[in-house]
Every structure is written in C-alpha cells, then in structure tokens.
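Structure first, commentary second.
Any read-out appearing in this document is the output of simple, stated calculations on the displayed coordinates, not a laboratory observation. It should be emphasised that the depicted structure is a prediction, and the values quoted were computed from it without experimental measurement. Heads up, the Cβs are rebuilt from the backbone with ideal geometry, glycines too, and the neighbour counts pull from every protein chain shown.
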Amino acid sequence: MAETIPQFYKRIQRCDPKLDATYSKGKEYFNIFSRQCNFGTVQFSYRDFYKVTLIMGVGKLYYADKWILVDRPALLFSNPLVPYAWESVSEEQRGMFCIFNEQFVQSEEKNGSLANTPLFKLTGDKVFFLDESQLMKVQNIYAQMQEEIQSGYTGTLDVLRCYLHLLIHTAMRMQDANQYESHPNASQRIAELFMELLERQFPIDYPRAALVLRTPTDYANRLSVHVNHLNKVIKETTGKTTSVLIAERIVKEAVQYLQHSNLSISEMAFGLGFESVSYFSKFFRKHTGKSPTEVRGKVTI
C-alpha cells in the first residue's frame, strides 16, 4: 500500500499545523521542509505523493531497476509510480524537500510541457548531481519557496508551481551529467508506454469523440501485448492493477468535468465511455463514495 502524506509526516515525526484543515485527496497540497534523515535505511515503498529533494549527505538510493551512490549534493525527483529506498551512509544528512499531491500538478503540464521531465517519466534520470553554482541556485529556489509558503498571498500555489518548474528545468539542463548502473528491462518500458497511452486519452473532446480505451484488454491490444502480461507488468512496476489505474484516471477526469465544465452528467457519462448514466453513477460512487450530483459544483471530493 502506498504511503500517504499524513503517514509520511508521522514516520518522519514532523507535523503540519494546517494539515487537518488543508489536506484532502481532492485538494491541492504543497509543503516544504528542511531534511533531517536518521542514520539507517528508509524501506523500499510507494508513496501517493510527489517529492523533490535536495540531498546533502552520503547514501545509497534504490529505485525501480536502478541504484546509485549519492556522495555529493544532488536533486532527487520521486513520483507515486516509482518506489524507492534510501540507505544513509554518512551520519550527517541535510538538505531540503518539497512534497505535493496529484491535485497540485496541472493536468495540462503533466500531459504537455512537463510530460517528459524527471518528475513524471517512469524511466530516465531521477538523480541530478549539483556543482557548487548549481547547489547555490537550488538552495535559493527552496529558500524562495519557504518565503512564499509563509506569505499568505492568495496566489501562493501558483507561485510555488513556478518555483517547482525552475527546479525541474535546472535538472533538465544536467540530463547527461549522471553516470550510474542501470538495468533497463522490457517490463518497465511497457509500463511507461501504458501510462503515456492512458494519459493521451484525455481530455475527451465530447461530443466529437468519446473515450475508446477503457479496459486492460483495450490497452493490451493497442500495445500489442497479451493482457495477462500487461497486468503482470503494471502490477510489478506500479504496485497497482491495470484496472485500478484506468479507473483512477477516469474518475479524475470525471471530477474535472463535474467541477469545471458545463457538460451534463449524461453527456459526461457517454463521453467517458459509459453505456448509461446509472452505470456511470455506480462506478463514480464506488471510487469516490459520493454521487456525481454531490460533487458537481464542489471544490473537493
């Protein structure tokens, strides 16, 4: 099971005084902390949030099919689909990190301008070593994040997104700077192609088009692999079943339509590939605990 943000806070013995008032799975969340890692090992696991960490301290990072010795300042990008573990080598572990949930990430960025960045890709570099000037730049960005999050400005989340972009693009300038042992495999490539194909299905241009790929078999056929193999690969790579990932993405899109479009619930249901409104309503309630009508017009679910 993936570690949630409240569980993460409990594990690292930190607290956010505003957590109860500000955090829900349907609402944007962002926070930033100084890094104080205990000597030892953080177990290999999935998280249901994104994290960008400035590491200052020696340790071994294990993620997906890779491992790397971090022996100098580095920037680490982690997302909910790639599990990782950290083994401290030096007693001194310093740095900064920011965490944020899926709702903080703009869908047009995730599917467009930032789709091929270290934050969202399943494969590719996740660790970027920093020289002295790069370290100063990254530290300055984190300092600006800290200042902004305490400002009380109504547009703070938008400003924080801009700072996050700066961290991402700082790393992208160093794409070729890393050398580490890698064991690429076909399974992870299939998982990456599946996730990219899933994201490309949205948004739906209803009524000109409706969602076509709705089942694991649909995706397996499009990827030219057997559905059993796809299911096995997805489970091993993401920790979730193919059906769950498809359902979660459909629900996410449905919530966006309910809250930010003028489509009727009937139009929405057919646009998302459901044969009837009642079937869509049952599906939606199963995954959110609420009916489409309850969510319509609300900010969170």
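Here are the numbers for this structure:
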{"read-out": "Neighbour-count ranking [beta-carbon atoms within 10 angstrom, fewest first] of His169, His260", "value": "His260, His169"}
{"read-out": "In sequence order, calculated HN-Hα J values of segment 273-288 (Karplus, 6.51, -1.76, 1.60; Hz; x Gly/Pro)", "value": "x, 8, 6, 8, 5, 5, 5, 4, 5, 5, 4, 5, 5, 4, 9, 10"}
{"read-out": "Filter on Lys252/Lys290; Lys27/Lys121; Lys27/Lys240; Lys27/Lys290 - keep pairs with C-alpha separation over 19 Å", "value": "Lys27/Lys121; Lys27/Lys240"}
{"read-out": "Relative packing of peptides 199-208, 216-225 - highest average C-beta neighbours within 10 Å first", "value": "216-225, 199-208"}
{"read-out": "Contour excess over end-to-end distance, with Cα ends at Phe8 and Asn221 and 0.36 nm allotted per residue", "value": "72.9 nm"}
{"read-out": "Rounded, prolate or oblate (a/c below 1.5 giving rounded, otherwise prolate when a/b exceeds b/c) for segment 164-274 by Cα gyration tensor", "value": "oblate"}
{"read-out": "Sorted by Cβ density within 10 Å, fewest first, the residues Lys27, Lys240", "value": "Lys27, Lys240"}
